[in-house]
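Notes to accompany the following structure.
Derivation of every value follows stated rules applied to the coordinates shown; laboratory data play no part. Everything quoted here is computed from the prediction, not taken from an experiment. Reconstructed Cβ throughout: ideal geometry from the backbone, glycine too, with neighbour counts over all protein chains shown.
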Amino acid sequence: MKKILKISTRITLFAVIFVQGFSSAQTTNRFVVKDVLQPSTEVKLNGYLAEKLNESLNNRILAQDVDRLIEPFKPENRTETHFWQSEFWGKWFTSAVLAYKYDPDPRLKKVLDRAVTGLLATQTPDGYIGNYAKDHRLEQWDIWGRKYCMLGLLAYYDLTKDGKALTGAARIADNLIDDISKKGGLIVNKGNHHGMAASSVLEPICLLYGCTGNKKYLDFAQEIVREWETPQGPQLISKSTVNVGERFPKPNANDWYGYGQGQKAYEMMSCYEGLLEFYRLTGNETYKRAVENTWQNILETEINIVGSGASTETWFGGKAVQHTPINHYQETCVTVTWLKLSEQLLRLTGEAKYADEVEKTYYNALLGSMSAHGAVWAKYTPLNGQRLPGSEQCGMGLNCCEASGPRGLFNIPLYMAMSRKEGLQVNYYADGAYTLKTPQGQKVILNQHTDYPQSGSINLDINLAKPEEMEIGLRIPNWSKVNKLTVNGEAINDLQPGQYAKIKHVWKTGDKISLELDFRGRVEETGTNPHSVAIIRGPIVLARDSRFEGASIESVLKPVVNKQGYIDLNVTTPDGGANMVFKASFMPESYTENGSGPVTITLCDYASAGNGTEHSFYKVWLQQLVDPRE
């Protein structure tokens, strides 16, 4: 208590009362629902993913000019009326905290400490941290920015248990509640997108209640959810069974990014992230069902072959037309938020379908939006076209997607292998060592030896102090139809794609698990007359790239499949900056009577396509000839 008071002389009377009551509230169990899965306590990755994470840490997170992110918050700079500079600090900071949890680099810790101190120094006596002019508070993106500041401060508190960050977040929340009370009206009437941008503040408000036990935050959360269902609100619960691209009338072009846009993808999913936190606090199954219904609808109507979607940042029924040219397709902020929402549902339920979708998104859409060395992130990434860096926004030297990209990238490591009350659960495969807790509280190290996703061969071994009976679950991806699993050389049968293979055993140091997944080349079709095809290997979507083929990527090619319906993919030494390269046989378009023989075509992984040292165009979907006989 005394230490916190010495840090800042500007703590309000409420903040003092708040800090005094905090320690006693810590003992209260405020979470009615606990996650099924708990993260690893430590992860050390090797290989491809480790390289990508290190590039992002060094070339994006540590390279960020933190002072520039804090500058707009200074009281003398609070002149904003409609832009979103205030989101960048929180997005970058939460990325940095996730990176530090994966790799506790002392350099990064110093940066985190300085970033929190710098932000809190801008907090005015009324508790406000933001950059909007006083007469324009609560308008446009003001509450959205306050949300990200709270999320950043709460992430720092979770990492360090430093009370000044928690107090700062509470003062932001108190000021927000006070501002809304003074100005009257509903939070869903504030900002844009039927109030979704503003009311997505539900997430940090719920987290704040979880940390403090102060009922005013729970009450505010309840009020936000109540307002969602008013005529002015986004009706996120009652419309959870309505297609996300059809919930409200399509706005005109002038209001596309304004209040009338009820299909805004990123903000909608952000609200549902908050609703899951509210479900954890209340146990109200209606909230969970609303998120699950919406997630399933997004998957079925919007998410494309590489695991993302949305055009001009809105849902539009895009899955059905993903093979066609689409304007401003799959914003990286949408990709990251879809991944985060799916990961939340995985933690909460332990269900394999969420891990299947996270893996697809991570290896394809997310890594595809990251530049070769992690310094730059694309704002939009088409399935057929080219990769271009996003434009700077708000004079901040970066854009929303460059701030968000690493939040998705570092979201994965601690969730690759997780603990549950029955034992351990392996969600994703990557070479490395994973430290977890067993049901009896033992430290266990699970080692994965694999080059996945280069191949489907995975070997695991166990290291723990004394033998313990528990269950280890390994995800069998929904795309893997032929699988082989052994424990200490003994086969495990009846493996179901899209489920976890659960092995109950008295585990001891030296026990070995071997898993072989189905990496045959799959051909996926979409569209009708003409239809298009794409090639997938394991979790990796493949593409043609002009750096290997020149202008011929526009030619019409039909994949040559074997008797089992798969395409043979021959691994080739990567070149041109690609991570994976394959050769495959295709039948070219032909207007002679008998046609010609097959030709050999080069394919690379989607994340590498158009993402090399030289500019190139690429294609995932290969349009097929119209044939009236078919």
Using the count of nearby Cβ atoms within 10 Å as a rough guide to exposure, how do Cys400, Cys211 rank from fewest to most?
Cys211, Cys400
Under 5 Å between amide hydrogens, which residues at least 5 positions from Asn384 or on another chain qualify, with H placed 1.01 Å from N in the peptide plane?
Val620
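At a Förster distance of 45 Å, what's the computed FRET efficiency of Asn529 paired with Thr349, Cβ-Cβ distance as r, to 0.05? Please report the intermediate quantities before stating the final value.
On the way: r = 39 Å, r/R0 = 0.88.
About 0.70, to the nearest 0.05.
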Report the label-to-label distance for Asp451 and Glu630 in nanometres (one decimal), using points 7 Å from each Cα along the Cα→Cβ vector.
3.4 nm
Can you list residues from other chains, or at least 5 along the same chain, whose modelled amide H is less than 5 Å from the amide H of Ile503?
Ile472, Gly473, Leu474
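Place a +1 charge on the Cβ of each Lys and Arg in segment 521-623 and a -1 charge on the Cβ of each Asp and Glu, then give the dipole magnitude about the Cα centre in debye, rounded to the nearest 20. Don't skip to the end; give the middle numbers.
Details: 8 positive and 11 negative charges, 50 e Å.
Here segment 521-623 has a charge dipole of around 240 debye.
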Which percent of Cα pairs goes in each bin when the distances of segment 127-253 are cut into 5 angstrom slices starting at zero?
2, 11, 20, 23, 18, 13, 9, 4, 1, 0
Please report the spacing between the Cα centers of segment 376-401 and segment 246-319 in Å, no decimals.
22 Å
How do the peptides 119-131, 386-398, 451-463 rank, highest first, by the average count of neighbouring beta carbon atoms within 10 Å per residue?
119-131, 451-463, 386-398
Å³ per residue of the Cα convex hull, for segment 387-455?
131 Å³
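Can you give me the convex hull volume of the Cα atoms of segment 438-534, divided per residue and expressed in Å³? Intermediate values should be presented prior to the final figure.
On the way: hull volume 11.0 nm³, N = 97.
Convex hull of Cα atoms, per residue: 113 Å³.
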Where the centre of each part is set by its Cα atoms, how far does segment 483-551 sit from segment 422-473, in angstrom?
19 Å
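Taking only the C-alpha atoms, wrap a convex hull around segment 521-623 and report its volume per residue in Å³ as a whole number. If you can, show how the numbers build up before the last one.
Values: hull volume 11.3 nm³, N = 103.
Cα convex hull per residue, to the nearest whole number: 110 Å³.
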Hey, what do the phi angles of segment 410-419 turn into as Karplus ³J(HN,Hα) couplings, whole Hz, using 6.51/-1.76/1.60 and θ = phi - 60°, x for Gly and Pro?
8, 6, 7, x, 6, 9, 5, 10, 9, 9
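With +1 on each Lys and Arg Cβ and -1 on each Asp and Glu Cβ, and nothing else charged, work out how big the dipole of the chain is about its Cα centre, in Debye to the nearest 20.
Charge dipole of the chain: 1800 debye, to the nearest 20.
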For the chain, the charge dipole (Cβ of Lys, Arg +1; Cβ of Asp, Glu -1; about the Cα centre) points to a positive end, and the Cα of Thr312, Val482, Gly168 closest to that extreme belongs to Gly168
Please give the direction-averaged projected area of the C-alpha convex hull for the chain, in square nanometres with one decimal.
29.4 nm²
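With the cut-off at 14 Å, report for segment 73-117 the share of all Cα pairs above it, as a whole percent. Kindly include the intermediate steps, with their values, before the conclusion.
Numbers: 573 of 990 pairs.
Of all Cα-Cα distances in segment 73-117, 58 percent exceed 14 Å.
Could you rank the peptides 359-367, 259-267, 523-531 by their average count of other C-beta atoms within 10 Å per residue, with the highest value first?
In descending order of packing, they fall as 359-367, 259-267, 523-531.
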Before rounding to the nearest 500, sum -39500 (n - 2.57) across all DSSP H runs of length at least 4 in the chain and divide by the residue total; then give [θ] at 222 nm in deg cm²/dmol.
-10500 deg cm²/dmol
Rounded to whole Å, give me the distance from the Cα center of segment 592-611 to that of segment 44-79.
39 Å
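So for segment 338-479, Kirkwood radius off the Cα pairs, Stokes-Einstein at 37 °C and 0.692 mPa s: how many µm² s⁻¹?
Working: Rh = 17.0 Å.
Reported coefficient: 193 µm²/s.
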Quick one: angle between helix 88-102 and the longest Cα principal axis of the chain, in degrees between 0 and 90, rounded to 10, please.
70 degrees
Considering only Phe73, Ser455, Ala607, whose Cα is most displaced toward the positive end of the charge dipole of the chain, charges sitting on Cβ of Lys, Arg (+1) and Asp, Glu (-1)?
Phe73
With θ set to phi - 60° and the Karplus curve 6.51 cos²θ - 1.76 cosθ + 1.60, what are the ³J(HN,Hα) couplings of segment 103-108 in order, to the nearest whole Hz, using x for Gly and Pro?
9, x, 6, x, 4, 5
Please provide three numbers in whole Å: the alpha-carbon extents of segment 86-182 along the principal axes, with the largest listed first.
43, 24, 17
With the dipole of the chain defined by +1 on each Lys or Arg Cβ and -1 on each Asp or Glu Cβ, the option from Gln222, Asn411, Leu339 whose Cα lies farthest towards the positive pole is Gln222
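Shape of segment 302-412 from its Cα gyration tensor (a ≥ b ≥ c, root eigenvalues): rounded if a/c is under 1.5, otherwise prolate when a/b > b/c, or oblate?
oblate
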Between 0 and 90°, nearest 10: helix 400-409 axis offset from the chain longest Cα axis
70 degrees
Suppose every K and R has +1 on its Cβ and every D and E has -1 on its Cβ; what is the size of the dipole of segment 302-412 about the Cα centre, in Debye to the nearest 20?
60 debye
So the label point goes 7 Å from the Cα of Glu422 along Cα→C-beta, right? Which residues of segment 496-517 then have their backbone N under 18 Å from it?
496-507
Apply the Karplus parameterisation 6.51 cos²θ - 1.76 cosθ + 1.60, with θ equal to phi minus 60°, to every residue of segment 380-385 and state each ³J(HN,Hα) to the nearest whole Hz, in sequence, with x for glycine and proline.
10, 9, x, 8, 10, x
By how many degrees, between 0 and 90 and to the nearest 10, does the Cα long axis of helix 285-301 differ from the longest principal axis of the chain?
40 degrees
